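Remarks on the structure that follows.
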Amino acid sequence: MADTGDKIGKTGQGQHQRARGKPDKEARLREIRCEAELHGRVGSRNASEDATSGAIAGPPFPLASAETGYYGTPLLKKSQWTMEIPAYFFVGGAAGAAAVIASVGNLTGADKDLVREARWLAAIGGAISPALLISDLGMPSRFLNMLRVFKIQSPMSVGSWTLVAFSNAAAASALAGMLQSRYRRAGAGRMFRIIGNASESVAALTGLVLSTYTGVLIGATAVPVWSENAATLPAHFAASGLGAAVSILELKGHESNRALNALGIGAAAAETIVGARIESQDKRSLRPLKHGHSGGLVRLGGLLSGPLPLTLRLLAGSPKKHHSKKSWRRNLRRAAALSTVAGSLLTRIAWLEAGKASQKDPAPLLELPTPH
Amino acid sequence: MYVQPDVCNGCGYCVVNCPFGVIERNPDDGRAFKCTFCYDRQRDGLSPACATACPTESIKFGEIEELREEARERIANLRDKGFDDVHIYDPVDSSVGGIHAFFITRGDPKSYNLPPNPDVPTVHLRKAWTSAGLAALCMVAGAFLAFGKGRD
């Protein structure tokens, strides 16, 4: 190399050699093109041995199989989402549902403490969520580009705008509630109450979208295990988010609230149905939900969010005022709440892992026959 | 499709949405990248570099309809010569509605990692948003029921 460089530098001989070599290669290429055009094939060495016979012996490539796919290379690219994404699904889902609890609780005249804490749960979740999402971006400094356009057909765009509205409204309602109780003088108190209630309504409406759209987000993709569950995922995640919100509020000291317990039973029942549906289906594309590492996570998450808390809550019965604080029923409900929170987080992790497993399996998308 | 490198913030949603597994996020840079059909060269009136460099003109660039016509002729020509296993891969009948970079293959396109029935992910939107809407309704109705009854 050094030698050649030297020659070019001194005499230009290298360039001369290159120029001299070029016409030969071009002539050979023209020859190949002519031959290909005339005969439909190139019969030189390195081409198929059978070329002279005019018949093709067989494809010079291996057939794709369910085991190896295309030389063991998956059709889909691996999702590059990290743990922030399932963490966000969990936090955003719980926060969205908390805003709904706060708003409906407020409208129906529920316990003031519960409404206040539900507002704060929504506000805190609404503050953590963007941080999680931004840290997962390839270029976090460009996070504002998410709000460059609004695209109704993109769940990512709809979700980004929803989250911005939600975070602001939830924070406003929590702060207004705090200021309302601090400044009770006639004018100020009333103003903060109006601001609090208005922003609470916005938070509840956007919260409904926030706790469901994440299911749409992964459901409307090219990943088979997600897209095949596009009709299940939003409802599944809504139940998971509601269960988590209810449980966090119960663990904050509202474990004797009858409404929360009823909602907890509803969410656990819905999760039990989803779990049963997943278990009853048997399809290659749904394998990641039942087999391997992701299958184990889906099952554990499902058990902790569905049948286990449902049984515990039913055993505990409906909360009654006269039950003492140390009642075993209360402990059962606390156990159900802990299980639901863990199950909700695990469920989101499990679905993301199932997606990764699904992206590695070429069989469903290539419609390859699979041995049973 | 062209990814604007000055706008992309690397959210990674395109990666899970590409039915052909083409686009990917560059781990060093954070942004998503795919072939641009040499956007820069085309702006200067040049053909994409791959089509220009290909020694056997196996890669061709041009007007999509002209290329489709040429591909049909080529298939007919090859079949005449006894190549019974030639196929054109351009899923026009799928929800993708055809592609702008299509292939002539020998053997089943599946063997080249080309999905026979790719879907545009937006076809799943309707049922997904329906599920979201119903779930939201249930959540609100459930909350009103629970809090209405729980008041005592």
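If only one of B:Val123, B:Val140 is within 15 Å of the chain's Cα centre (by Cα) and at negative phi, which one is it?
Just one listed residue meets the conditions, B:Val123.
If you go through segment A:63-102 one residue at a time, how many are assigned to a loop (DSSP other than H, G, I, E, B), more than 7 Å from chain B (Cβ to nearest Cβ) and either exposed (fewer than 15 other Cβ atoms within 10 Å of the Cβ) or among the polar types (S, T, N, Q) (or both)?
Adding up the residues that qualify gives 6.
Condition (residue is farther than 21 Å from A:Leu76 by Cβ and touching a helix residue (DSSP H, G or I) at 6+ places or on another chain (Cβ under 8 Å)) applied to segment A:346-366: is it met by at least one residue?
Scanning segment A:346-366, I find at least one residue that is farther than 21 Å from A:Leu76 by Cβ and touching a helix residue (DSSP H, G or I) at 6+ places or on another chain (Cβ under 8 Å), so the answer is yes.
Of everything in segment B:2-21, what is under 21 Å from A:Pro74 (Cβ atoms) and either exposed (fewer than 15 other Cβ atoms within 10 Å of the Cβ) or among the aromatic types (Phe, Trp, Tyr) (or both)? Give them in sequence order.
B:Tyr13, B:Phe20
Take the conditions part of a loop (DSSP other than H, G, I, E, B), touching a helix residue (DSSP H, G or I) at 6+ places or on another chain (Cβ under 8 Å) and more than 10 Å from chain A (Cβ to nearest Cβ) and apply them to B:Phe37. Does it pass?
Considered against the rule, which asks whether it is part of a loop (DSSP other than H, G, I, E, B), touching a helix residue (DSSP H, G or I) at 6+ places or on another chain (Cβ under 8 Å) and more than 10 Å from chain A (Cβ to nearest Cβ), B:Phe37 comes out as no.
Of these, A:Val149, A:Val164, which one is outside any loop (DSSP other than H, G, I, E, B) and not charged (D, E, K, R)?
None of the other options fit; the residue is A:Val164.
Among the residues of segment A:220-265 satisfying the criterion of being at the interface with chain B (Cβ under 8 Å from one of its Cβ atoms), among the polar types (S, T, N, Q) and not in a helix (DSSP H, G or I), which is surrounded by the most Cβ atoms within 10 Å (Cβ to Cβ)?
It comes out as A:Thr221.
Report yes if A:Ile194 is of a type in the set (Val, Ile, Thr) and more than 14 Å from chain B (Cβ to nearest Cβ), otherwise no.
yes
Quick check, is B:Asn26 within 14 Å of another protein chain (Cβ to nearest Cβ), surrounded by 14 or more Cβ atoms within 10 Å (Cβ to Cβ) and polar (S, T, N, Q)?
Spelling it out, it is not the case that B:Asn26 is within 14 Å of another protein chain (Cβ to nearest Cβ), surrounded by 14 or more Cβ atoms within 10 Å (Cβ to Cβ) and polar (S, T, N, Q).
All but one of (1) surrounded by fewer than 17 Cβ atoms within 10 Å (Cβ to Cβ); (2) touching a residue at least 12 places away in the same chain (Cβ under 8 Å); (3) not basic (Lys, Arg) hold for B:Thr130; state the number of the condition that does not hold.
(2)
Taking the criterion of being within 15 Å of A:Ser247 (Cα to Cα), of a type in the set (Gly, Ala, Ser) and surrounded by 23 or more Cβ atoms within 10 Å (Cβ to Cβ), would at least one residue in segment A:277-299 satisfy it?
no
If you go through segment A:335-372, how many residues are surrounded by fewer than 22 Cβ atoms within 10 Å (Cβ to Cβ), out of contact with any Pro (no Cβ under 6 Å at 6 or more places or on another chain) and at pLDDT below 95?
Count: 6.
For segment B:80-122, name all the residues that are within 8 Å of chain A (Cβ to nearest Cβ) and in contact with a Ser or Thr (Cβ under 7 Å, 6 or more places away or on another chain).
B:Tyr112, B:Asn113, B:Asn117, B:Pro118, B:Asp119, B:Pro121 - these are the residues of segment B:80-122 that are within 8 Å of chain A (Cβ to nearest Cβ) and in contact with a Ser or Thr (Cβ under 7 Å, 6 or more places away or on another chain).
With the structure loaded, tell me whether A:Gly105 is at pLDDT 95 or above, buried (at least 21 other Cβ atoms within 10 Å of the Cβ), in contact with a helix residue (DSSP H, G or I) (Cβ under 8 Å, 6 or more places away or on another chain) and closer than 30 Å to B:Val15 by Cβ or whether it fails that test.
No; evaluated as a whole, the condition is false for this residue.
Can you name every residue in segment A:197-219 that is under 21 Å from the mean Cα position of the chain (by Cα), of a type in the set (Gly, Ala, Ser) and more than 8 Å from chain B (Cβ to nearest Cβ)?
A:Gly207
Got a sec? Which of A:Gly187, A:Gly215 is at pLDDT 95 or above and not hydrophobic (A, V, I, L, M, F, W, C)?
Step by step, each of A:Gly187, A:Gly215 is checked, and only A:Gly215 is at pLDDT 95 or above and not hydrophobic (A, V, I, L, M, F, W, C).
Within segment B:123-152, can you find the residues that are within 7 Å of chain A (Cβ to nearest Cβ) and part of a loop (DSSP other than H, G, I, E, B)?
The answer is B:Arg151, and nothing else.
Taking only segment A:135-191 into account, find how many residues are hydroxyl-bearing (Ser, Thr, Tyr), buried (at least 20 other Cβ atoms within 10 Å of the Cβ) and more than 14 Å from chain B (Cβ to nearest Cβ).
Selection size over segment A:135-191: 2.
The values are calculated or read from the model by the stated rules, or taken from the named source; none is laboratory data. In this text the structure is predicted, and so the values were computed from the model without any measurement. Every residue, glycine as well, gets a Cβ built from its backbone with ideal geometry; the counts of neighbours run over all protein chains shown.
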